[in-house]
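What follows is a set of notes on a single structure, which appears directly below.
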Amino acid sequence: MSPKKDRSAKSFKLDLLFFRRFLCCLKIIFPRWLSTTTLLFLILLGLSLAEQMLIYNTGLIPSQFYEVLGTRDKEDFRSLIVVSLSFIIGTALGKSLVQYVSNLSYVKWRSLLTRYLHKGYFNLDSYYNLNVLEQSIDNPDQRITQDVDRFCKQFSQIIASLIISPFTIAYYTYQCYSSAGYIGPVSIFGYFLVGTIINKLIMSPIISLVVRQEKLEGDFRFKHMQIRVNSEALAFYRSGMLEERRTNGRLQNLLNIQQRLVNYEFFLNFSVNFFDYVGAILSYIIIAIALFAGKYDALSPTALSAEISKNSFVSMFLIGCFTQLIDLSNSVSDMAGYTHRIGELIEALMIKEKKGEDKSLKSSSESLDMLRTGCIFQLESVSYAAPKSSELLVRDLNLNIIPGQNILITGKTGSGKSSLLRVMSNLWKPVSGTVVRNLSFDPSNIIFLPQRALLSDGSLKQQVIYPYDKPIEQRYQENGQIDDEKILSILEDVGLTAVCRRVGGIEENIEGNWEDMLSPGEMQRLAFARLFYHKPVIGMIDEATSALDTKTEKEMYENCKQLGITLVSIGHRETLFEYHQLNLWLSGNGDWDLREI
C-alpha cells in the first residue's frame, strides 16, 4: 500500500451528511417492505411494545404491596405474589426475546450490507481502483469487514430503544400529567432538552475522532499484515528492529488519537452520568410539588404511600425513557463514525459504477470481429502515463496483436512494459488513443501471468482452474464433472507432481497460505498450469519465468506453442527471443520501436 494523503483531519459530525448516509444504509438493510429484515423489525416492534406493557405492570407491583401490607390482607398478599411472579417471568421472557430478535437483525443486516458492498467492490475492478489507483478511501477492507460489523452491532443494540421511545414517552407523559399536572411533563422535557444540547456539543468532536481512530486502526493492522506476508524477506534482511520501530510508530499514532478520544469521552460520560442521577431525584421533586400543593391531603397514610410509589414509578419511567436516549450518546457517536466511513465507501463505489467502462477501450461482443480483422488487440496512437503523472511512458504507440504472432516487450526498468499490459487490460486509462479489444476478458480468451503468481485460497485443483470455481467450471464439462485426469496431466507437464503428493492430492483443501508452501519457481509453474488448463487465445506473461531455469522456461513456451496460445511476454532474458516473432522495445522516455526477430 503506497502512502496516501492524510484525510483524517476532515470533520465528521452528526449533521445532514450523516443522516443522508445513514438513510442510504437503511435502504440497503431494509430493501423492501416485504423483506426478512422488515418482518424482523415489525416483530421487534411488537415485542418491544409487549415488553413495555409488562414492565409497566411490573412497575406498579410495589405500590400494590404497600397497600396490601398496609391493610394486612393475607389472601390478597398470596394472590399478589402469584401475579408478581407471572409478570416478572413475562418481563424476563420479553426482554430475552427482544434481545434475540435484535441479534437476528444484526446478523441479517451485516449480510445485506456486506454483500451490497462486495457487489460494488468486486465490480468493474473497483477494488483495484480503490486500493491502487485512486486511494481516496483509506482501508476499504476494514470498512467492509470491521466497520460494517460494528455499525450493525451498535444499531441492533439501540434500535429497540429508538423505535419504542415515541410510544413510551407519549404514554408516560399522559400518566405523568394525570398524576402531577403540567409541571411534571414540562420539567422532564426541559431536563431532556438541556441534556441533549449539551451532549450534542460534546459528541461532535468524538465522531471525527472515531473516524480517525478507525483509519489508524486499519493502518496498524495493515502494517502487521505486511510483516506477515513478507516475513521471509524481512528475516533475510534481519530488519526486525527497523520494522518494530515503524510498527510502534503506527501504534503510537493510533494511541494518540485514542487518548484524545478517551479525554473527550470523559466529559461525555460525566454529562451522561450527571443527567442519570439528576433524573433519579427529579421524579421525587415532581411528586413533592403536587404533595405540598395539597393534592393528596384526602388520602390515608397507606393509600398515600401506594400513590407515591405509583406516581414515582410513572415519573421515573418517563425520566428513564429520556435518560436512556441520553445514555445512547456514546453508542450514537460511535455509530455515526462508522456510518460516515461506510457511506464514503458506498459513494465511491457508486461513482465508479456510474463511470462504467472507459470509452478509450472499445470491445466487441462477438469473436467474429477478431476473425474479420485478424487482430486480438489494436492499439491506435496510444499514449499512456502512470496514474496522476503527466510524464508519458509511451507516446503514440500503434500495435496490432494477431493470433499466432508472439510479441516480446523489452526495455529498461520503469520504461512502461508492465504498464502497457495494464492499459491493454483496461486497468489504466491511456492519456490518448484507443485500445480495440476483439475478445472478452474471459479465461478462455485472455489469461494474465504476473511475475508473482496469484494464488487464492482452496485446493490445488482450485488454483489450476482459477478464476473458475466448481459450480462455474462444471458448465464447461459435458458430463458435469471437472476432468481431474486432465489437471493431473497438466501438473505433471509443469513438474508439480511432487507438490500434488505433498499437499495430499488436488482435492485437498489447504487451510494455510499457498505462498508459504511453494517456492517462487513452483508458484510460476502453477501459474503456467493454469494457463495450459484454460488454453486461452492470448496469454500475457509479465516476467513469469524469472524464477525458472532456461530448460523449464523452454518447456513452458513450447507447450504454449503446441496449445496455440498467442503470447505477449515481458522479459529481459536473451533466451526469450527465440519464442517470439516481434520485439517491442520501450525507451522509457516515450519512444518505442517494433521490429521482427
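The values are calculated or read from the model by the stated rules, or taken from the named source; none is laboratory data. Model, not experiment: these values are computed from the prediction. Here the Cβ positions follow ideal geometry from the backbone for every residue, glycine too, while neighbour counts run over all protein chains shown.
When the criteria are applied in full, LEU234 meets the requirement of being aliphatic (A, V, I, L, M), in a helix (DSSP H, G or I), in contact with a Gly (Cβ under 9 Å, 6 or more places away or on another chain) and not assigned by the TED database to the domain that holds ASP516.
Of all residues in the range 561-578, those satisfying the criterion of being in a helix (DSSP H, G or I) and either more than 21 Å from TYR533 (Cα to Cα) or touching a helix residue (DSSP H, G or I) at 6+ places or on another chain (Cβ under 7 Å) (or both) are LEU563, GLU574, THR575, LEU576, PHE577, GLU578. Within the range 25-40, restricting attention to residues that are within 17 Å of GLN154 (Cα to Cα) and in contact (Cβ under 8 Å) with a residue 24 or more places away in the chain, the residue that is surrounded by the fewest Cβ atoms within 10 Å (Cβ to Cβ) is ILE28. Would a scan of the range 185-207 turn up a residue that is free of Cβ contacts under 8 Å to residues at least 60 places away in the same chain, in the same structural domain as PHE266 (by the TED database), surrounded by 14 or more Cβ atoms within 10 Å (Cβ to Cβ) and more than 30 Å from ASN311 (Cα to Cα)? Among the residues of the range 185-207, at least one is free of Cβ contacts under 8 Å to residues at least 60 places away in the same chain, in the same structural domain as PHE266 (by the TED database), surrounded by 14 or more Cβ atoms within 10 Å (Cβ to Cβ) and more than 30 Å from ASN311 (Cα to Cα), which makes the answer yes. Contact annotation: residue pairs with Cβ atoms under 6 Å, 6 or more positions apart or on different chains, pairing a residue in the range 401-413 that is closer than 13 Å to CYS375 by Cα with a partner that is buried (at least 17 other Cβ atoms within 10 Å of the Cβ) and at pLDDT below 95, are ILE401/ILE376; ILE401/PHE377; ILE402/CYS375. Scanning the range 539-597 for residues that are closer than 30 Å to ALA386 by Cβ, without any contact (Cβ under 8 Å) to a residue 40 or more places away in the chain and touching a Ser or Thr at 6+ places or on another chain (Cβ under 7 Å) yields GLU553, THR575.
Of the residues making up the range 52-69, at least one is more than 28 Å from TYR174 (Cβ to Cβ) and either assigned by the TED database to the domain that holds GLN213 or not in a helix (DSSP H, G or I) (or both). Can you confirm whether the range 71-84 contains a residue that is among the basic types (Lys, Arg), at pLDDT below 90 and outside any helix (DSSP H, G or I)? Checked against the condition, which is being among the basic types (Lys, Arg), at pLDDT below 90 and outside any helix (DSSP H, G or I), the range 71-84 yields at least one hit.
Just one of (1) surrounded by fewer than 18 Cβ atoms within 10 Å (Cβ to Cβ); (2) within 30 Å of THR168 (Cβ to Cβ); (3) among the β-branched types (Val, Ile, Thr) fails for VAL229. It is (2).
Residue count for the range 152-181 satisfying the condition of being surrounded by 16 or more Cβ atoms within 10 Å (Cβ to Cβ) and among the aliphatic types (A, V, I, L, M): 6. When VAL211, VAL132 are checked against the criterion of being surrounded by 15 or more Cβ atoms within 10 Å (Cβ to Cβ), within 15 Å of the chain's Cα centre (by Cα) and either outside any helix (DSSP H, G or I) or not charged (D, E, K, R) (or both), VAL211 stands alone in meeting it. Taken over the range 125-147, the criterion of being under 18 Å from PRO387 (Cα atoms) and not small (Gly, Ala, Ser) is satisfied by ASP125, TYR127, TYR128, ASN129, LEU130, ASN131, VAL132, LEU133, GLU134, GLN135, ILE137, ASP138. Against the conditions (1) over 23 Å from the mean Cα position of the chain (by Cα); (2) in a helix (DSSP H, G or I); (3) of a type outside the set (Val, Ile, Thr); (4) more than 25 Å from TYR171 (Cα to Cα), ASP297 satisfies every one except (2). Checked against the criterion of being in contact (Cβ under 8 Å) with a residue 40 or more places away in the chain, within 30 Å of TRP428 (Cβ to Cβ) and surrounded by 13 or more Cβ atoms within 10 Å (Cβ to Cβ), the candidates TYR127, TYR121, TYR106 yield just one match: TYR121. For ASP334, state whether it is assigned by the TED database to the domain that holds SER187 and either at pLDDT 75 or above or among the β-branched types (Val, Ile, Thr) (or both). Judged against the criteria, ASP334 is a match.
The set of residues in the range 550-576 being exposed (fewer than 14 other Cβ atoms within 10 Å of the Cβ) and either of a type in the set (Asp, Glu) or farther than 26 Å from LEU379 by Cα (or both) consists of THR550, LYS551, GLU558, GLN562, GLU574, THR575.
Of the candidates GLU366, GLU380, the single residue that is modelled with pLDDT under 75 and either basic (Lys, Arg) or surrounded by fewer than 19 Cβ atoms within 10 Å (Cβ to Cβ) (or both) is GLU366. The number of residues in the range 201-243 being closer than 13 Å to TYR264 by Cβ and of a type in the set (Lys, Arg) comes to 1. There is at least one residue in the range 280-289 that is closer than 28 Å to ARG72 by Cα, in the same structural domain as ILE206 (by the TED database), touching a residue at least 40 places away in the same chain (Cβ under 8 Å) and not aromatic (Phe, Trp, Tyr).
Restricting the range 384-440 to residues that are in a helix (DSSP H, G or I) and polar (S, T, N, Q), the residue that is surrounded by the fewest Cβ atoms within 10 Å (Cβ to Cβ) is SER418. Screening the candidates GLN451, GLN463 for the property of being crowded, with 19+ Cβ neighbours inside 10 Å and either outside any helix (DSSP H, G or I) or modelled with pLDDT of 90 or more (or both) yields one hit, GLN463.
Would you call ALA306 out of contact with any Ser or Thr (no Cβ under 6 Å at 6 or more places or on another chain) and among the small types (Gly, Ala, Ser)? No. Could you tell me whether the range 235-243 includes any residue that is modelled with pLDDT under 80, over 30 Å from VAL314 (Cα atoms) and among the hydrophobic types (A, V, I, L, M, F, W, C)? Yes, the range 235-243 contains at least one residue that is modelled with pLDDT under 80, over 30 Å from VAL314 (Cα atoms) and among the hydrophobic types (A, V, I, L, M, F, W, C). Take the residues of the range 249-277 that are within 17 Å of ILE206 (Cα to Cα) and among the aromatic types (Phe, Trp, Tyr): which is surrounded by the most Cβ atoms within 10 Å (Cβ to Cβ)? Out of the qualifying residues, it is TYR264.
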